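Some notes on the structure that comes next.
The values are calculated or read from the model by the stated rules, or taken from the named source; none is laboratory data. Worth saying up front: this structure is predicted, and the values here are computed from it rather than measured. Here the Cβ positions follow ideal geometry from the backbone for every residue, glycine too, while neighbour counts run over all protein chains shown.
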């Protein structure tokens, strides 16, 4: 029996405990700040916030490069000889990472790449779905596993609210007029992944306490999420009271497992402090 090894990018924000427990290999993406290139996962998120406070600019982010993928796949083969590698990748619609992985994969056999068309918790949901399939059926044929993963990708639903319009403005994602209007009216955009692309689907008005609850209820009304698992994401700065309330709502809605995911440096660069999101798989 040949072992199947799963890999993904740091932009999945897959908790280290889960990655280690299930031998999921994670390759870092990049954050560029003060003309220095940092590996996502090795840069404390608070340094990004400090950088913005000092400069009123946000760092830039970049994809995992071809060499890094090549080294990842090479190391997996060294650590797990005769393995079959399945890489569940960060959406190709928002990063060059997946294309770079395709180039690196040309030098390897028994290596398969899947575009998850998702990020952060939405990507983690797909990766963990694959993990659980492998746990239930360790001898599953890799072709069948890939087929099941690909069938689940359109059912991975992610929605989040950035914590700061300041970060969206600094990143050029909102105009000055929209920023001023949003700031005055306390309007916060809801961002969802639609066919792999980040799209603003609705707007909420109010403070984060009320907005997070509205998002949670709208999300659960819109999607029939598998009650076995839900992922709740946050960027540093989200109130513990909000986190507790979101956990309560998830429990009230019958979720058996609730996993909180902290946004890493790459995702936090775009979401800003105090962001909140939800991800799960539709039944």
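Which is within 19 Å of residue 153 (Cα to Cα), touching a helix residue (DSSP H, G or I) at 6+ places or on another chain (Cβ under 8 Å) and not in a loop (DSSP other than H, G, I, E, B), of 279, 212?
279
Quick check: anything in segment 216-228 part of a strand (DSSP E or B), buried (at least 17 other Cβ atoms within 10 Å of the Cβ) and modelled with pLDDT of 95 or more? So that I can check it myself, show each step before the final result.
Of segment 216-228, the ones part of a strand (DSSP E or B) are 225.
Checking which are buried (at least 17 other Cβ atoms within 10 Å of the Cβ) leaves us with 225.
Now restrict to residues that are modelled with pLDDT of 95 or more: 225.
Within segment 216-228 (the criterion being part of a strand (DSSP E or B), buried (at least 17 other Cβ atoms within 10 Å of the Cβ) and modelled with pLDDT of 95 or more), the answer is yes, since at least one residue qualifies.
Could you check segment 1-46 for strands (runs of 3 or more DSSP E) lying wholly inside it with 3 or more residues that are more than 27 Å from residue 167 (Cβ to Cβ)? Spell out the reasoning first.
On the way: elements: 4-9, 25-27, 30-33, 36-39.
Strands (runs of 3 or more DSSP E) meeting the threshold: 4-9.
Pairs needed: first member in segment 25-44, farther than 18 Å from residue 100 by Cα; second member anywhere, assigned to a loop (DSSP other than H, G, I, E, B) and modelled with pLDDT under 95; C-beta distance under 7 Å; at least 6 residues apart or different chains.
These pairs meet every condition: 32/59; 33/59.
Per-residue answers, yes or no, for (1) modelled with pLDDT of 95 or more; (2) under 18 Å from the mean Cα position of the chain (by Cα); (3) within 20 Å of residue 95 (Cα to Cα):
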position: 41; (1), (2), (3): no, yes, yes
position: 57; (1), (2), (3): no, no, no
position: 67; (1), (2), (3): yes, no, yes
position: 70; (1), (2), (3): yes, no, yes
position: 75; (1), (2), (3): yes, no, no
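Only residues that are assigned to a helix (DSSP H, G or I) and either under 26 Å from residue 197 (Cα atoms) or without any contact (Cβ under 8 Å) to a residue 12 or more places away in the chain (or both): list them for segment 77-110, please. Reasoning before the result, please.
Step one: of segment 77-110, the residues assigned to a helix (DSSP H, G or I) are 77-79, 97-105.
Of everything in segment 77-110, those that are assigned to a helix (DSSP H, G or I) and either under 26 Å from residue 197 (Cα atoms) or without any contact (Cβ under 8 Å) to a residue 12 or more places away in the chain (or both) turn out to be 78, 79, 97, 98, 99, 100, 101, 102, 103, 104, 105.
Please determine, by comparing only the residues of segment 61-76 that are free of Cβ contacts under 8 Å to residues at least 40 places away in the same chain and within 18 Å of residue 268 (Cβ to Cβ), which one is surrounded by the fewest Cβ atoms within 10 Å (Cβ to Cβ).
62
Give 178, 125, 143 a once-over and let me know the one that is more than 14 Å from the chain's Cα centre (by Cα), part of a helix (DSSP H, G or I) and modelled with pLDDT of 95 or more.
Of the residues listed, the single one that is more than 14 Å from the chain's Cα centre (by Cα), part of a helix (DSSP H, G or I) and modelled with pLDDT of 95 or more is 143.
Go through (1) closer than 26 Å to residue 148 by Cα; (2) in contact with a helix residue (DSSP H, G or I) (Cβ under 9 Å, 6 or more places away or on another chain); (3) at pLDDT below 95 one by one and return the number of the condition residue 80 breaks.
Among (1) closer than 26 Å to residue 148 by Cα; (2) in contact with a helix residue (DSSP H, G or I) (Cβ under 9 Å, 6 or more places away or on another chain); (3) at pLDDT below 95, residue 80 violates only (2).
Would you check if residue 254 is in contact (Cβ under 8 Å) with a residue 60 or more places away in the chain and either in a strand (DSSP E or B) or surrounded by fewer than 21 Cβ atoms within 10 Å (Cβ to Cβ) (or both)? Break it down stepwise before answering.
Working: in contact (Cβ under 8 Å) with a residue 60 or more places away in the chain: no; either in a strand (DSSP E or B) or surrounded by fewer than 21 Cβ atoms within 10 Å (Cβ to Cβ) (or both): yes.
No: the conditions fail for residue 254.
For the list (1) assigned by TED's automatic domain parsing to the domain that holds residue 145; (2) under 24 Å from residue 162 (Cα atoms); (3) at pLDDT 95 or above, I need the number of the one condition that residue 87 fails.
Looking at each condition in turn, residue 87 falls short on (2).
Looking only at segment 34-50, count how many residues are surrounded by fewer than 18 Cβ atoms within 10 Å (Cβ to Cβ) and on the phi < 0 side of the Ramachandran plot.
Number of matching residues: 8.
Within segment 229-242, is there a residue that is part of a loop (DSSP other than H, G, I, E, B), in contact (Cβ under 8 Å) with a residue 12 or more places away in the chain, in contact with a strand residue (DSSP E or B) (Cβ under 7 Å, 6 or more places away or on another chain) and more than 26 Å from residue 27 (Cα to Cα)?
yes
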